[in-house]
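Novice: Before anything else, here's the structure in question.
The values are calculated or read from the model by the stated rules, or taken from the named source; none is laboratory data. None of the values given here were measured: they were computed from a predicted structure. We place every Cβ from the backbone using ideal geometry, glycine too, and count neighbours over all the protein chains shown.
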Amino acid sequence: MHTGLNACVIAMTLVGAAGCPRPSPGHEPPQVRAPAPPNELRVRFFAAGHGDSILLRTTDGHRVLVDAGRFVGGDHLVRRRLIPFFRKHRIDRLDAFVVTHPHPDHFGDPVMLRNHVAFTALHTNADGAALLGSLVPGLRRAAKRPVRIVTLVQGDRLQFGRLHLRVIHPPKTAIPPARVTSLSAQNDRSLVVRVTYGAVKILLAADLTTRGERQVLATDQPLFAHVLKVGHHGRGSTSDAWLRRVRPKHAVATCGDYLGRMQQVCPKVAARLKAHGVKLHRTDLHGDVVVITDGRVYSVRHHPEHIYRPRLLK
């Protein structure tokens, strides 16, 4: 399935050598080099059950991991999928490791991750900076260079070549006081990140609920995106007002098993996406979902061989 910003058809013709006259001696034709492959961004939404792990990687060598899946309920995404994937694709370094908020279906196992892949900073929100600080000693032991915890807020940007990440939410004023807050409130302070590669834009809404969406909609932050990672695994988020502002063509829901129970996309969310003409891709049905773009056009592909089937449900 291919879609793009502009309708584009590329015709390729192969010409064989049969019947072509041979060049005379001393008149060898010039060597024609094959064109270099275009610089591409691949955004892989790992099939992680009810959990998030998203890898951004470009053909010119930049790697950003947004969340690292679960470390609960008998599943350990870092060990099960991320480390084998990184080994297969010879990824030994991350430009950035971003944890959208400190829930166990998102931050995974940063210490084990750092034992296998180098990164110098864990970027997260204020909740993450407060609650994941206990990981710092383990991260320091795992790294030759100290790993810092960096707090991101609205307006912050990360750039790696053509790959741009802009933090849309939460604002600096949303930094919580030093007290325990509800899981729902933490969801609504998740890092919302807008990824830009050329003219193609992807919005990662972490665990934002409709209340968090209203907070973002009240700002002038740029939200338009061709692909939307729906908030909170497609449960209790993705309002009509949100879809009118983002105007996506495709949506990805990272859903599936959670502690032995199937957490599927809310039927009302699926109906709203359909009413807005948005194609829904689900990691519980389609396996890994991969967006591929050269910055002008993009495609969305499925890898059903990676559908997560926990032992609890076999």
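Each row is one residue, and each column tells you yes or no for (1) of a type in the set (Gly, Ala, Ser); (2) at pLDDT 85 or above.
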position: Asp127; (1), (2): no, yes
position: Ala130; (1), (2): yes, yes
position: Ser134; (1), (2): yes, no
position: Gly138; (1), (2): yes, no
position: Ala143; (1), (2): yes, no
position: Asp156; (1), (2): no, yes
position: Leu163; (1), (2): no, yes
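Novice: If we scan the stretch 167-174, do we find a residue that is within 27 Å of Thr59 (Cβ to Cβ) and either assigned to a loop (DSSP other than H, G, I, E, B) or in contact (Cβ under 8 Å) with a residue 40 or more places away in the chain (or both)? Spell out the reasoning first.
Specialist: Step one: list which residues in the stretch 167-174 are within 27 Å of Thr59 (Cβ to Cβ), which gives 167-168.
Filter once more, so that each one left must be either assigned to a loop (DSSP other than H, G, I, E, B) or in contact (Cβ under 8 Å) with a residue 40 or more places away in the chain (or both): 168.
Looking through the stretch 167-174, at least one residue is within 27 Å of Thr59 (Cβ to Cβ) and either assigned to a loop (DSSP other than H, G, I, E, B) or in contact (Cβ under 8 Å) with a residue 40 or more places away in the chain (or both).
Novice: Going residue by residue through the stretch 257-266, is there one that turns out to be aliphatic (A, V, I, L, M) and at pLDDT 95 or above? If you could, list the steps in order and put the result at the bottom.
Specialist: Within the stretch 257-266, the subset aliphatic (A, V, I, L, M) is 259, 262, 265.
Adding the requirement that they be at pLDDT 95 or above leaves none.
No, the stretch 257-266 contains no residue that is aliphatic (A, V, I, L, M) and at pLDDT 95 or above.
Novice: For Thr254, which of the numbered conditions (1) modelled with pLDDT under 95; (2) farther than 22 Å from Val72 by Cα; (3) touching a helix residue (DSSP H, G or I) at 6+ places or on another chain (Cβ under 8 Å) fails to hold?
Specialist: (2)
Novice: Next up: What do you reckon, is Leu135 aliphatic (A, V, I, L, M) and touching a residue at least 40 places away in the same chain (Cβ under 8 Å)? Can you show your working first?
Specialist: Working: aliphatic (A, V, I, L, M): yes; touching a residue at least 40 places away in the same chain (Cβ under 8 Å): no.
For Leu135, the condition - aliphatic (A, V, I, L, M) and touching a residue at least 40 places away in the same chain (Cβ under 8 Å) - is not met.
Residues are listed down the side, and each one gets a yes or a no for (1) modelled with pLDDT under 95; (2) within 19 Å of Val269 (Cα to Cα):
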| position | (1), (2) |
| --- | --- |
| His169 | no, no |
| Lys172 | yes, no |
| Pro176 | yes, no |
| Val180 | yes, no |
| Ala205 | no, yes |
| Leu217 | no, yes |
| Asp220 | no, no |
| His226 | no, yes |
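Novice: Same structure, new question: Identify the residue in the stretch 121-149 that is β-branched (Val, Ile, Thr) and crowded, with 17+ Cβ neighbours inside 10 Å and, among all such residues, is farthest from Leu223 (Cα to Cα).
Specialist: At the first step, the residues of the stretch 121-149 found to be β-branched (Val, Ile, Thr) are 124, 136, 147, 149.
With the extra rule that they be crowded, with 17+ Cβ neighbours inside 10 Å, the set shrinks to 124, 147, 149.
Working: Thr124: 20, Val147: 31, Ile149: 27 Å.
The extreme case among them is Val147.
Novice: Of all the helices (runs of 4 or more DSSP H) wholly in the stretch 191-303, which have at least 2 residues that are surrounded by fewer than 20 Cβ atoms within 10 Å (Cβ to Cβ) and out of contact with any Gly (no Cβ under 6 Å at 6 or more places or on another chain)?
Specialist: Passing ranges, in order: 210-217, 240-246, 267-275.
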